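The values are calculated or read from the model by the stated rules, or taken from the named source; none is laboratory data. Everything quoted here is computed from the prediction, not taken from an experiment. Ideal geometry is used to build each Cβ from the backbone, glycine not excepted, and the neighbour counts take in all protein chains shown. The area values use the complete protein model at the heavy-atom level, side chains included, leaving out ligands, DNA and RNA. Shrake-Rupley method; radii C 1.70, N 1.55, O 1.52, S 1.80 Å.
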Amino acid sequence: MTYDDSNIFAKILRGEIPCHKVYEDDKTLAFMDVMPQATGHVLIIGKCPAVELTDLPLEYATAIFATAQKVIKAQRQVLGTQGVVQLQLNDKSAGQSVFHYHMHLIPTHLHNLGEHESQMADMGELAKLAEQLRLALN
């Protein structure tokens, strides 16, 4: 699949669409999922045009995993949970819906997961939780 730079995550990276930022560095951006499967659901994207894992340059894969380690620690601190589901989908047939590589970090137990993209979260609650996670990262 060819990368389409009009996808929502590319627009977020360009600042065309707002997000509730949790963490950012030169290669990654972590932000709250607006259609979360559980409270504290964070997405991590690479700042490069990759559709899925097979397209992702290794230096960005390494950076994404380093960001994931930081965010998981913050999720555990803020949310008081140890269970964090790490999820990454490759291709539409696997359930990928935004064709820009991204990792989901979902703090919960498997039996508490909601359906993927089933309902929008409260934006005020997302902003508050993003701030708590940012503070926990410092």
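Beyond 23 Å between alpha-carbons counts as too far, so tell me which of Lys47/Lys128; Lys21/Lys73; Lys73/Lys128; Lys27/Lys128 fall in that bin.
On the way: Lys47/Lys128 25 Å; Lys21/Lys73 16 Å; Lys73/Lys128 18 Å; Lys27/Lys128 25 Å.
Going by Cα-Cα distance, Lys47/Lys128; Lys27/Lys128 fall outside the 23 Å limit.
Find the Cα radius of gyration of segment 5-66, compare it with 2.2 N^0.38 Å by division, and give the number to two decimals. Before the final figure, lay out each step's value.
Values: Rg = 11.5 Å, N = 62, 2.2 N^0.38 = 10.6 Å.
Expressed relative to 2.2 N^0.38 Å, the Cα Rg reads 1.09.
Residues of segment 28-90: accessible area per residue at 1.4 Å, in Å²?
Values: 2760 Å² over 63 residues.
Using a 1.4 Å probe on heavy atoms only, each residue of segment 28-90 averages 44 Å².
Relative to the first principal axis of the alpha-carbon coordinates of the chain, what is the inclination of helix 123-137, with its axis defined by its Cα atoms, in degrees from 0 to 90 and to the nearest 10?
Tilt relative to the chain: about 90 degrees.
Under the rule of -39500 (n - 2.57) per DSSP H run of 4 or more residues, summed and divided by the residues of the chain, what mean residue ellipticity at 222 nm is obtained, to the nearest 500 deg cm²/dmol? It would help to have the intermediate numbers written out before the result.
Details: 3 runs with 43 residues, N = 138.
Computed mean residue ellipticity for the chain: -10000 deg cm²/dmol.
By the gyration tensor of its Cα atoms, with a ≥ b ≥ c the square roots of the eigenvalues, what is the shape of segment 31-112: rounded for a/c under 1.5, prolate for a/b over b/c, or oblate? Let's see the in-between values first.
Working: a/c = 2.30, a/b = 1.44, b/c = 1.59.
Oblate.
Quick one: grab the alpha carbon gyration tensor of segment 53-93, order the square roots of its eigenvalues as a ≥ b ≥ c, and give me rounded if a/c is under 1.5, else prolate or oblate depending on whether a/b is larger than b/c.
Values: a/c = 4.87, a/b = 1.65, b/c = 2.94.
Taking the square roots of the gyration eigenvalues as a ≥ b ≥ c, segment 53-93 is oblate.
Per the 1.4 Å probe, what fraction of the accessible area of the chain, in percent, lies on carbon and sulfur atoms? Intermediate results must be reported in sequence, preceding the final value.
Working: 3880 of 7450 Å².
C and S atoms contribute 52 percent here.
Roughly how many debye, to the nearest 20, is the charge dipole of the chain about its Cα centre, given +1 on each Lys and Arg Cβ, -1 on each Asp and Glu Cβ, and no other charges? Let's see the in-between values first.
Details: 11 positive and 16 negative charges, 91 e Å.
Once rounded to the nearest 20, the dipole reads 440 debye.
Under a cut-off of 20 Å between alpha-carbon atoms, report the aspartates and glutamates in cross-link reach of Lys70, not counting same-chain residues fewer than 8 places apart.
Once the sequence-local aspartates and glutamates are set aside, what remains near Lys70 is Glu24, Asp25, Asp26, Asp33, Glu59, Glu131.
Could you tell me the convex hull volume per residue, in Å³, taken over the Cα atoms of the chain? Write out the running numbers ahead of the final one.
Numbers: hull volume 14.5 nm³, N = 138.
It comes to 105 Å³ per residue, whole-number rounded.
How big is the dipole moment of segment 2-56 about its Cα centre under a simple scheme where the beta carbon of each Lys and Arg is +1, that of each Asp and Glu is -1, and everything else is neutral? Debye, nearest 20, please. All intermediate terms of the calculation are to be shown ahead of the outcome.
Numbers: 5 positive and 9 negative charges, 33 e Å.
That gives segment 2-56 a dipole magnitude of about 160 debye.
Expressed in nm to one decimal, what extension gain is obtained for the pair Lys21 and Thr54 from 0.36 nm per residue of sequence separation less their Cα-Cα distance? If you can, show how the numbers build up before the last one.
Values: separation 33, 0.36 × 33 = 11.88 nm, distance 2.59 nm.
In short, 9.3 nm is gained.
Which one of Asn138, Pro49, Pro107 has its Cα pushed farthest toward the positive end of the charge dipole of the chain, where Lys and Arg give +1 and Asp and Glu give -1 at the Cβ?
Of the listed residues, the answer is Asn138.
Nearest 0.05, what FRET efficiency do Glu131 and Lys92 give at R0 = 35 Å with Cβ-Cβ as r? Provide the component values of the computation, followed by the final result.
Details: r = 34 Å, r/R0 = 0.97.
So the FRET efficiency works out to roughly 0.55.
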